[in-house]
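Visitor: Quick one: the structure is below, questions incoming.
Nothing in this text is a laboratory measurement; each read-out follows from the coordinates by a stated rule. Every value quoted in this text rests on a predicted model; they were computed, and no experiment measured them. Cβ placement follows ideal geometry from the backbone for every residue including glycine, while neighbour counts extend to all protein chains displayed.
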């Protein structure tokens, strides 16, 4: 409605206006919907195969996308329907490849190993922004790790006892007088009877639990960093499906939460459970399917966004881009000043396949705008990366990719930058900030001058309305009963 009002008003005031309709491909959301459909048929996308799954995705896109566009047309919104765009259109896909290659050639995109958020249900890494933290009442288990020399125990607290099977150290704060004499000694891991070193590291919170923490580099981001500092091994005990690996010993193959219950029973029976406390803490869940995420060490593609963030911060600080209401600038700055490298790869099929190829003969990685015939280094055969790009990568290019960039088109000269963006507060980081960064990087100009933030429509339970959750109201039904004007306004 707000878009429609502004476009009609400006057009009637003599301005050359453009409201370009379009959609993104919503990679994870589409996978979630189609995976549920396949589950109902006792199938998985892996059983179906990549090509057949993509055929299914395109069919679903035509059906669901057609519904969305039909709703907009029935509402009578004043779009230029001749310019309708989709993020996987040929022209937009070309822009995505061009941006990826340029950023890679500048050294801003890199491939590396890091600990990421993994959704066991969606079977993909997800960004920090796609993890929703919700408060939960849980347990804080106090466990006893025997000292290797037989002189007693070290007691520590954890909310995730199943990960103890992957412990490679226990840590204390270097200034904690209670435990300083134990640094350099060893404890014995209950159940698996592996010796673990006692290390000193300032990341330990002396006020949490007993002031001693278990260190599991393969399953916690803070432990991962501590592991790098102390050259600790990484033992992965939870796999991509959320099941325990062979490294978990007698618990191999068990669901992670079932393992938790059985492991606590064994620890109690063996005398290694000191006490249990009720504990309220935040649990990270996948934004799409609400599955509890698992930190996982993985090789992914990352974008170093810090050099892009600096001019984007200045654009808002200088007033070239204004937020309405102005208070939302604070939310923008909080994220931009504390920005981290963006994990841009996803282990999915529906989306823009990363334009990178690997040579298994010499190990060369080739990033190219076109499919290379062979390895340029040794002449060996190449295989393309199977990962796709995060949907928000292509959406970040929307203001200029839809107008013909990287070509110097008449539309790009006439309509870029745009004037007003109207959006919700939930995607300031996902979309607004990234459009500003990409716009400045590849055009040298801000993509818009005003960002109007509107409210979020929620259901009776105050949950955000979402197509994925299925708690939306079909506008077509309202149109049939009340008419377009009443619904639109």
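Visitor: Using only Cα atoms, tell me the angle between helix 433-443 and the longest principal axis of the chain; keep it within 0 to 90° and round to the nearest 10.
Guide: Roughly 60 degrees, rounded to the nearest 10.
Visitor: For the chain, just run the numbers: alpha carbon Rg, then divide by 2.2 N^0.38 Å, N being how many residues it has.
Guide: The chain yields a ratio of 1.12.
Visitor: Could you please rank 278, 334, placing first whichever residue has the fewest other Cβ atoms within 10 Å of its Cβ?
Guide: Final ranking by Cβ density, sparse to dense: 278, 334.
Visitor: Restricted to Cα positions, what overall size does the stretch 156-197 have along the principal axes? Three whole-Å values, descending.
Guide: 29, 21, 12 Å, listed from the longest principal axis down.
Visitor: What is the Cα coordinate range of the stretch 374-489 on the first, second and third principal axes, sorted by size from largest, in whole angstrom?
Guide: Cα spread of the stretch 374-489 along its principal axes, largest to smallest: 66, 36, 26 Å.
Visitor: Something else about it: Roughly how far apart, in whole Å, are the Cα centres of the stretch 9-88 and the stretch 349-420?
Guide: 21
Visitor: Going by average Cβ density within 10 Å per residue, which order do the peptides 339-346, 405-412 take, highest to lowest?
Guide: Descending packing order for the listed peptides: 339-346, 405-412.
Visitor: Just need log10 I(q)/I(0) for the stretch 133-286 at q = 0.11, 0.12, 0.14 Å⁻¹, Debye formula, equal scatterers on the alpha-carbon atoms, no solvent, rounded to two decimals.
Guide: -0.40, -0.48, -0.67
Visitor: Rounded to the nearest 500, what is the chain's calculated 222 nm mean residue ellipticity when only DSSP H runs of at least 4 contribute -39500 (n - 2.57) each, over all residues?
Guide: -9500 deg cm²/dmol
Visitor: OK, next. Sort 302-310, 117-125 by the packing proxy (mean of other Cβ within 10 Å over each peptide's residues), most packed first. Numbers along the way, then the final one.
Guide: On the way: 302-310: 17.7, 117-125: 22.2.
Going by the mean number of other Cβ atoms within 10 Å, highest first, we get 117-125, 302-310.
Visitor: Further, regarding this structure: If one computes the Cα centroid of the stretch 118-132 and of the stretch 234-254, what distance in Å separates the two points?
Guide: 19
Visitor: How far, in degrees from 0 to 90, does helix 90-105 lean away from the longest principal axis of the Cα atoms of the chain, to the nearest 10?
Guide: In the chain, helix 90-105 runs at an angle near 50 degrees to the longest axis.
Visitor: Using alpha carbons only, how many degrees (0 to 90, rounded to 10) separate the axis of helix 256-270 from the longest principal axis of the chain?
Guide: Approximately 20 degrees, to the nearest ten.
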